[in-house]
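**Student:** Just passing along the structure, written as structure tokens.
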Amino acid sequence: MRHIVFLSGAGISAESGISTFRDAGGLWDTYNVMDVCSAEAFRRNRQFVLEFYNKRRRELADKTPNAAHRMVADIQREFPDRVLNITQNIDDLFEKAGCEGTIHLHGELTKARCEVCGNIWDIGYADLVGTELCPRCGASRVRHHVVMFNEQAPEYMRLYESLDELHANRGMLVVIGTSGLVLPVEEFARYASYSVLNNLEPQAAIDDRVFSVRLYEKAGTAAPKIAELARRFLDSDQRGPRDGRAETAS
Ligand code: NAD
């Protein structure tokens, strides 16, 4: 069965009012990210880092999904078991949009993790103040469930498995709202038989020629176009096997 992998970054949530890291007006304009989002920073000043993520979590409470999150949820609903959603984002907008089984490569703001036993649990939009106890083992080493710089990202294993599957099934990859500085998305596109890239503008880190379709516009306006391409790709199964790449629309 053909299938689709959606892979998103901070840009997909920008229209919902969540700052990206690197765009003008993004979080890096306000913070030196290595001071707050790294394993070293956390060792140096645990309280400061917990508070940084408390602020991000509080900001998330009233944010709502936009047309791009809803589009992924719609395609998932229309084609059960054929659409995998993977995101670098730590927000909960895919869940709010109704997406199922989203893989959060860099963790989730609305969860806490025990550093001792590895237990992960929902905390919603509550602050972590550093005195919490793990509900499973009782240890007091409770932290945000977010992968910071220089930390391991165990969910990457599932990303690489999904790319292998994409290759084996001649699937489609849709990349939305990522600068390609953290993940080599152009390499990933080579695993797919058909691929779509949506960003605001071309990115220095992405050789976009490997993508079948390039959409340089807001994810909200690209969403109906991506939905159309995804439906056509998945529907082509019913019409029998198809060779080669679909036509480009960029
Ligand atoms: P990035 O900030 O490096 O790049 C943002 C990308 O999104 C750019 O390519 C830009 O062109 C594009 N973009 C901006 N607005 C857009 C829009 N309206 N529509 C479509 N594209 C748009 O983001 P990154 O590549 O995801 O890397 C940053 C890291 O920080 C990731 O790990 C990410 O998860 C994390 N982060 C997450 C959030 C979140 O959870 N919402 C927010 C900030 C950063």
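**Student:** If you go through segment 82-129 one residue at a time, how many are touching a residue at least 60 places away in the same chain (Cβ under 8 Å), under 17 Å from V5 (Cβ atoms) and open to solvent by 40 Å² or more (accessible area, probe 1.4 Å)?
**Tutor:** 1
**Student:** I've got another one for you. Condition first: within 23 Å of S19 (Cβ to Cβ), within 14 Å of the ligand (Cβ to nearest atom) and in contact with a Leu (Cβ under 8 Å, 6 or more places away or on another chain). Can you find one or more residues in segment 93-100 that meet it?
**Tutor:** Scanning segment 93-100, I find no residue that is within 23 Å of S19 (Cβ to Cβ), within 14 Å of the ligand (Cβ to nearest atom) and in contact with a Leu (Cβ under 8 Å, 6 or more places away or on another chain), so the answer is no.
**Student:** Considering only segment 200-230, state which residues are in contact with a Phe, Trp or Tyr (Cβ under 6 Å, 6 or more places away or on another chain) and open to solvent by 10 Å² or more (accessible area, probe 1.4 Å). Steps first, answer last, please.
**Tutor:** Here is the first cut: in segment 200-230, the residues in contact with a Phe, Trp or Tyr (Cβ under 6 Å, 6 or more places away or on another chain) are 201, 212.
Across segment 200-230, the qualifying residue is only E201.
**Student:** Out of the residues in segment 177-207 that are within 22 Å of E165 (Cβ to Cβ) and acidic (D, E), state the one that is nearest to the ligand (Cβ to nearest atom).
**Tutor:** Among residues in segment 177-207 that are within 22 Å of E165 (Cβ to Cβ) and acidic (D, E), the one nearest to the ligand (Cβ to nearest atom) is E186.
**Student:** Out of all the residues in segment 163-187, which are part of a helix (DSSP H, G or I) and either open to solvent by 10 Å² or more (accessible area, probe 1.4 Å) or outside the structural domain of D235 (by TED's automatic domain parsing) (or both)?
**Tutor:** Scanning segment 163-187 gives D164, E165, H167, A168, E186, E187.
**Student:** For segment 144-158, what are the residues that are in contact with a helix residue (DSSP H, G or I) (Cβ under 7 Å, 6 or more places away or on another chain) and open to solvent by less than 30 Å² (accessible area, probe 1.4 Å)?
**Tutor:** Keep residues of segment 144-158 that are in contact with a helix residue (DSSP H, G or I) (Cβ under 7 Å, 6 or more places away or on another chain), which gives 144, 146, 148-151.
H144, V146, M148, listed by residue number.
**Student:** With respect to E132, determine if the residue is open to solvent by 60 Å² or more (accessible area, probe 1.4 Å) and either at pLDDT below 95 or charged (D, E, K, R) (or both). Can you show your working first?
**Tutor:** Details: open to solvent by 60 Å² or more (accessible area, probe 1.4 Å): no; either at pLDDT below 95 or charged (D, E, K, R) (or both): yes.
When the stated conditions are applied, E132 does not pass them.
**Student:** Now a separate question. Could you list all residues from segment 37-96 that are of a type in the set (A, V, I, L, M, F, W, C) and farther than 27 Å from R143 by Cβ? If you could, list the steps in order and put the result at the bottom.
**Tutor:** Initially, segment 37-96 is screened for residues of a type in the set (A, V, I, L, M, F, W, C), giving 37, 39, 41-42, 48-50, 52, 60-61, 67-68, 71-73, 75, 79, 83-84, 86, 90, 93-94.
The answer is A67, A68, M71, V72, A73, I75, F79, V83, L84.
**Student:** For segment 60-72, indicate whether the set of residues that are closer than 17 Å to V147 by Cβ, free of Cβ contacts under 8 Å to residues at least 40 places away in the same chain and part of a loop (DSSP other than H, G, I, E, B) is non-empty.
**Tutor:** no
**Student:** Moving on. Right, R77: under 19 Å from L159 (Cβ atoms), over 15 Å from the mean Cα position of the chain (by Cα) and of a type in the set (K, R) or not? Before you say what the answer is, go through the steps one by one.
**Tutor:** Working: under 19 Å from L159 (Cβ atoms): no; over 15 Å from the mean Cα position of the chain (by Cα): yes; of a type in the set (K, R): yes.
Criteria not met by R77.
The values are calculated or read from the model by the stated rules, or taken from the named source; none is laboratory data. This one's a predicted model, so the numbers in the text were calculated from it and none came from an experiment. Every residue, glycine as well, gets a Cβ built from its backbone with ideal geometry; the counts of neighbours run over all protein chains shown. Quick note on the areas: whole protein, heavy atoms, side chains included, nothing else; ligands and nucleic acids left out. Shrake-Rupley method; radii C 1.70, N 1.55, O 1.52, S 1.80 Å.
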